[in-house]
Amino acid sequence: MHLVLLGTAAGGGFPQWNCYCPVCRVARTEPARARPRTQSAAAVSADGQRWFLLNASPDVREQLGQLTTPPPTASRYHPVEGIVLSDAELDHTLGLVLLREGRQLSVYATAATLEVLQDDSRLLPVTAAFATVHVTPLQLDQPVPLRYRDGSTSGLTVTAVAVAGDPPRFARHDHPGHTVGLIVADEHSGGRAGFFPGCGALDEPLLGRLSSLDLLLLDGTFWSDDEMIRQGLSERTAREMAHLPLSGAEGSLAALGTISCRRKVYTHINNSNPILVEDSAERRLVEAAGVQVGHDGMRFTL
């Protein structure tokens, strides 16, 4: 299984267009110390040529250029065989509309996410006005085969795992499964990767599941719980925004030290998080713990 981190920033990208916090200032003035990042998404492939997106960010157009593809034999071509969604947040789904010119899209998501896309954000009806959209519902904890557009099997399966989180602020309902992590497994190689860009808590049952993975891509949104408040960017803590901060005895970095997952990588990193500065003390703490800070274009083979 091939996996590419297409984008590793939280909503708004890095540096965020309207933000001049200390970390964004470093990115603008000294980009070698804090490389720019697009909004969070990944892609998986069984053969390294046909790809399934894990979320569809507003930056999807430029992100697709990172994927290896065969030489096109027709005037119209794209490598996206399907899109798997972890939630209905705008920064994870606006790319659906941008992919409408593909004319045929396969979307995998939980019933709660599909309801928001259909009735609240209306992104599914808008996209369906331009393209044929085939929807495959994901049942929690049930592996679902990822199929190519012609209906053949890819050899990959995806399992939706419920995590602590809030539904989008524009959603009218709060149904189970509105926020999930995605576990992708390759039935041929046996490789297993987890993509958890939004995760508000790491309890023992979830940590047990993550321990069995070969690769974990985990929510790295905030370093500290009061990060946004201290920088004057928000009145809410990280936990109030359903993101478990990295630091502290109850933070995700300490929890990751208790599991045996072979490779651990932070993604979905907010522009305010100091781990984005490559020579920061916070970055050194993460790397000393054996965890990597993801960047756009990072590639893995499982």
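All of the numbers you see were taken from the coordinates with simple rules; none came from a lab. What you are looking at is a predicted structure, and each value in this text was computed from that prediction instead of being measured. Virtual Cβ from ideal backbone geometry, glycine too; neighbours counted across all protein chains shown.
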(message) Taking a virtual spin label 7 Å from the Cα of His188 along the C-beta vector, which residues in the stretch 140-177 bring their backbone nitrogen under 17 Å of it?
(response) 145-158
(request) Specify the residue with the greatest mean-square fluctuation among Pro71, Pro274, Pro176, computed from a Gaussian network of the chain linking alpha-carbon atoms under 10 Å apart. (result) Pro71
(request) Quick one: among Thr267, Thr73, Thr127, which has the greatest mean-square fluctuation in a GNM of the chain with alpha-carbon springs under 10 angstrom? (result) Thr73
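To check you understand DSSP bridge types, tell me what percent of the beta bridges within the chain (both residues inside) are antiparallel, rounded to 5.
Numbers: 27 of 54 bridges.
Roughly 50 percent of the DSSP beta bridges within the chain come out antiparallel.
Scan the stretch 44-107 for chymotrypsin sites (Phe, Trp or Tyr not before Pro) in coil per DSSP, keeping those whose Cβ has at most 12 other Cβ atoms within 10 Å, and list them by number. Before the final figure, lay out each step's value.
Values: sites: Trp51, Phe52, Tyr77; in loops: Tyr77.
Answer by residue number: Tyr77.
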(message) Suppose the Debye formula is applied to equal point scatterers at every Cα of the stretch 202-290; what is log10 I(q)/I(0) at q = 0.21 Å⁻¹?
(response) -1.03
(message) Given an 8 Å cut-off on Cα distances and at least 6 residues of separation, report the relative contact order of the stretch 2-301 as a percent.
(response) 19
(request) Just check the stretch 123-237 against the gyration tensor rule for me: Cα atoms, a ≥ b ≥ c as the square roots of the eigenvalues, rounded for a/c under 1.5, and otherwise prolate or oblate depending on whether a/b exceeds b/c. (result) oblate
(request) Putting +1 on Lys and Arg Cβ atoms and -1 on Asp and Glu Cβ atoms, find which of Thr69, His188, Ala32 reaches farthest to the positive end of the dipole of the chain. (result) Thr69
(request) Obtain the nm distance between the two label points defined at Ala162 and Glu240 by a simple spin-label model: each point lies 7 Å from its Cα along the Cα-to-C-beta direction. (result) 2.6
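Quote the relative contact order of the stretch 69-135 in percent (integer), defining contacts as alpha-carbon pairs under 8 Å separated by 6+ residues.
Details: 72 pairs, mean separation 23.4, N = 67.
Averaging sequence separation for qualifying contacts and normalising by length gives 35 percent for the stretch 69-135.
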(request) Express in nm, to one decimal, how much length is gained between Arg284 and Gln118 on full extension, taking 0.36 nm for each residue of separation and deducting their alpha carbon distance. (result) 55.4 nm
(request) Compute the length gained on full extension between Arg209 and Arg35: take 0.36 nm times their separation in residues and subtract their Cα-Cα distance, giving the result in nm to one decimal. (result) 59.4 nm
(request) Kindly put Arg25, Arg37 in sequence by how many other C-beta atoms sit within 10 Å of each C-beta, fewest to most. (result) Arg25, Arg37
(request) Report, in debye and to the nearest 20, how large the dipole of the stretch 2-301 comes out about its Cα centre when Lys and Arg carry +1 and Asp and Glu carry -1 on their Cβ. (result) 760
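Please give the peptides 129-137, 7-15, 116-124 ranked by average Cβ packing (other Cβ atoms within 10 Å per residue), highest first, as a rough proxy for protection. Each step should come with its number before you reach the end.
Details: 129-137: 14.6, 7-15: 24.2, 116-124: 19.1.
Put in order of decreasing packing, that is 7-15, 116-124, 129-137.
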(request) List, in order, the whole-Hz ³J(HN,Hα) value for each residue of the stretch 108-123 obtained from phi through the Karplus relation with A = 6.51, B = -1.76, C = 1.60 and θ = phi - 60°; use x for Gly and Pro. (result) 10, 6, 6, 4, 5, 5, 4, 4, 5, 5, 7, 9, 9, 6, 6, 5
